[in-house]
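Accompanying notes for the structure given below.
Read the figures in this text as sums done on the coordinates, not as results from a lab. Bear in mind the structure is a predicted one, so any value in this text is a computation, not a measurement. Please note: Cβ atoms are built from the backbone with ideal geometry, for glycine as well, and neighbour counts cover all protein chains shown.
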Amino acid sequence: MKEFMKHGVVKAVSVFLVLVMLVSATNTIGVKVQAKQNNKIVILYFSGTGTTEGAAKRIKNKTKGKLIAIKAAEPYTEDDLDYGNDDSRVTKEHESADSPAESTIRPEIANLKAIKKAVKKADVVYIGYPIWWGEAPHIVYNLVESVSLKGKTVVPFCTSISSGLGDSSENLKADANISSKTNWLEGRNFYDIPSQKTVNKWINGLEY
């Protein structure tokens, strides 16, 4: 009888300890999720054909952040975006130097003041762009050079048919107005407008 009671007490204690561990783990996850929810988020994006815009909107749906398009003072027309035309605007930008970082071309951003104001209040800044010749467009270089990202968590994302993220994120980071306290994440490429489920899974896996 005593042995039976002793076994019962040990079993009860074991169950109690397991429950405590589960509650502790749940609380830790809850704190992590709450921390993400409390972050002030802004999603900046430049989109030529609407694909990057579609990805940015999915990110907004998940994060509830502030969505802002990077607007060129001289908007890009369909002819401007014709990379098969040697005389098109984007081709001339591309051929102006070996890389956008080395180019002097920096298309003016019409809403730069509003972007700076939003970023100043943010903790997390998503930066989205299409891939042109394996790189971010020149206007996105203007963005990261002109807007202070010091102390921010920066999450790059891009859209491309085939080339992927490549070195575009790291090349932007090298030219960006950042500090040692900037947390520049690896980033993500989407080959088309991603599903909301895909975006949710990606964001849930981010550490910030």
- Sorted by chain and number, the residues with a modelled amide H under 5 Å from that of residue 189, at a separation of 5 or more or across chains, are 158, 165
- Message: Quick one: 3J(HN,Hα) in Hz for region 192-208, Karplus 6.51/-1.76/1.60 with θ = phi - 60°, rounded, Gly and Pro as x.
- Response: 6, 5, x, 6, 4, 4, 5, 5, 4, 4, 4, 5, 4, x, 6, 10, 7
- Item | Most to least packed among 110-116, 90-96 [average Cβ atoms within 10 Å] | 90-96, 110-116
- Greater than 20 Å apart at Cα, pairs in 64/197; 117/201; 173/201; 152/173; 64/152; 62/150: 117/201; 173/201; 62/150
- If you rank 80, 192 by fewest surrounding Cβ atoms within 10 Å, what's the result? 192, 80
- In terms of modelled amide H atoms, which long-range or inter-chain residues lie less than 5 Å from the amide H of residue 109? 73
